[in-house]
Amino acid sequence: MLFKVIYGFIITLVLIVAIMLIRTFSYGTSEEMALVELPAPVSYNEPEAIRRLQESVRFQTITINRGDPATLEAAQPWLEFHTFLETEYPLVHQNLQREYVADYSLLYTWQGRDESLDPLMLMAHQDVVPVDDATLSDWDRPPFSGDIADGYIYGRGTQDDKASIIGIMETVEALIKSNFQPNRTLILLFGHDEEVAGTGAEAGVGLLSERGISPEMVVDEGFFVLNDMAGFDAPLGLIGIAEKGYMTIDLASESAGGHSSLPPKNSANIQLAKALLALEKTQMPSHLNSKQVSDFFQAVAPEMSFMKRFVLANTWITGGLVNAQFGEIASMNAMIRTTTAPTMLTGSVKENVLPQKSTATVNFRIHPEDSSGDVIEHVENVIGGIEGVSIQARNKGIFREPSPISPTDNRPFALLAALANKTGDNARPVPALVLAGTDAAYASQISNNVYRFTPVDYSVHDIDGIHGTNERLSIKNFNLMIEGFSQLILAMDSPE
Ligand SMILES: [Zn+2]
């Protein structure tokens, strides 16, 4: 009898291990797709393109607050930048219709010959983030100089995101010069305030929506090729197919207050601290097994070690372990769930006074599998049993539901996959979730195929420059960008 039990146990164990191994070996392989061939890039004048990017950096189109630029005087850098574009790209301005939207955003339309084709829309933004004065001396070259050193063009906007505008303009100018005439209409939308609100892109998309325009494909910033991501053997061509939502909730905690010489149990601050600890302990649910997260890991699987594949291919057994591990790694945690970040606290204004009311501001980045309603329900459940604490305000300032998830089984994605592969050194195309917000979020109102990808090949170190010190773009990457945009336009223009 005992022998039979042991025998049965061993058989079961062997079977489970066999299933786990089979799953491991087949994990990710179904995602291998044949890469489509891209047309040759257009030829352009490289020294002139570089000079124009250098000059574009010098227009200090800095946005700090929602509503920037707030006055006509503050808007001068934008207006000068527009004049600069007009002067430097005469063919673009002769052949494309240019419209101003929300005062300073630019909407260009290059009418295609075949009206039955829905347009291709490329997005980028004109504004840049400020530079913290305290970090000025850390820059190898001044942040608004456009100086070139060691093969890099320095300055705000070289990565985020003026270089995209210049790259697109170079491409279109060169295409016109080469006598190319589009079959498919090309729309360019260059927002003026992406870093603070995106009202320009919102208005541009609104205008297109009124006109009944629904692009076949929208491409904006958000991801790129990453060639040295820890834990992966090959460069990854990250293509953003969705972005997280954004929501802020204020919690208030109220109690009697009083003098600090006679502190009661559970004063307002203690109650509030309990609520924050509860939110830290009980996070929003993991979406490890959702299609979007699972597609990501299956796409990168061939570049992972056997052990990692073994664990990820078998979340039916290892799910608890994986969730616990990912919960400890900020970047992984942000990929699998809505994140909870307490950011601002208020309490008493005097050291010896207990507050009658203290507040905490908590910022949530909503996973595409959740909604703002789920977040509120979660917070209400978690803080429900804590005395004196309640939700005081929600959705102050910026608020966005997560974007829809764009498909990966269509021609637009296949083209981006090929472009990502070519941009990196044989990079593996990966559908990924953008953790921050971009103007592309608005485009989901008018198109199902919204992607976030710039054809550049970054190392992890390169990313530090975005919103940071020494923002710079290598000349090699700038060329990849111009070539990539032209290949995308040409590929979308030719029949499948
Ligand atoms: Zn940006």
Please enumerate the residues belonging to segment 192-248 that are charged (D, E, K, R), modelled with pLDDT under 95 and touching a helix residue (DSSP H, G or I) at 6+ places or on another chain (Cβ under 6 Å).
D228, D233
Scanning segment 206-227 for residues that are charged (D, E, K, R) and not in a helix (DSSP H, G or I), which turns out nearest to D114 (Cα to Cα)?
E216
Test L251 against the criterion of being surrounded by 24 or more Cβ atoms within 10 Å (Cβ to Cβ) and either at pLDDT 95 or above or not in a strand (DSSP E or B) (or both), and give yes or no.
yes
When segment 140-179 is checked residue by residue, the ones that are within 15 Å of the ligand (Cβ to nearest atom) and among the charged types (D, E, K, R) are R156, D160, D161, K162
Enumeration of residues in segment 180-191 that are more than 14 Å from the ligand (Cβ to nearest atom) and under 28 Å from S474 (Cα atoms)
L186, I187, L188
A careful count of residues in segment 111-139 that are away from the ligand (no atom under 16 Å from the Cβ) and among the aliphatic types (A, V, I, L, M) gives 5
Could you list, in sequence order, the residues of segment 428-472 that are assigned to a strand (DSSP E or B) and either within 13 Å of the ligand (Cβ to nearest atom) or aromatic (F, W, Y) (or both)?
V434, Y451, R452, Y458
I'd like to verify a number: residues in segment 207-237 that are touching a residue at least 24 places away in the same chain (Cβ under 8 Å) and more than 16 Å from the ligand (Cβ to nearest atom), how many?
21
On the basis of being under 26 Å from the mean Cα position of the chain (by Cα) and surrounded by fewer than 19 Cβ atoms within 10 Å (Cβ to Cβ), does S294 make the cut?
yes
Only unsatisfied item for E194, checking (1) within 20 Å of the chain's Cα centre (by Cα); (2) farther than 23 Å from Y104 by Cβ, is (2)
Matching residues, segment 396-442, being of a type in the set (S, T, N, Q) and more than 24 Å from H467 (Cβ to Cβ):
S406, T408, N410, N421, N426
For T469, state whether it is among the polar types (S, T, N, Q), under 25 Å from I153 (Cα atoms) and buried (at least 24 other Cβ atoms within 10 Å of the Cβ).
no
Restricting segment 360-394 to residues that are surrounded by fewer than 16 Cβ atoms within 10 Å (Cβ to Cβ) and of a type in the set (D, E), the one farthest from A278 (Cα to Cα) turns out to be E377
Over segment 41-68, the set of residues closer than 12 Å to Y154 by Cα and touching a strand residue (DSSP E or B) at 6+ places or on another chain (Cβ under 8 Å) is I50, L53, Q54, V57
Restrict the check to segment 427-446 and report whether at least one residue is free of Cβ contacts under 8 Å to residues at least 40 places away in the same chain and more than 18 Å from G198 (Cα to Cα).
no
Residue pairs qualifying under the 6 Å Cβ cut-off, at least six apart or on distinct chains, with the first in segment 173-189 being surrounded by fewer than 21 Cβ atoms within 10 Å (Cβ to Cβ) and the second being basic (K, R) and outside any strand (DSSP E or B), are N183/R113
Restricting attention to segment 192-205, which residues are within 12 Å of the ligand (Cβ to nearest atom) and assigned to a helix (DSSP H, G or I)?
A201
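The values are calculated or read from the model by the stated rules, or taken from the named source; none is laboratory data. All of these numbers come straight from a predicted model, not from anything done at the bench. Don't worry about glycine lacking a Cβ; one is built from the backbone with ideal geometry, like all the others, and counts go over all protein chains shown.
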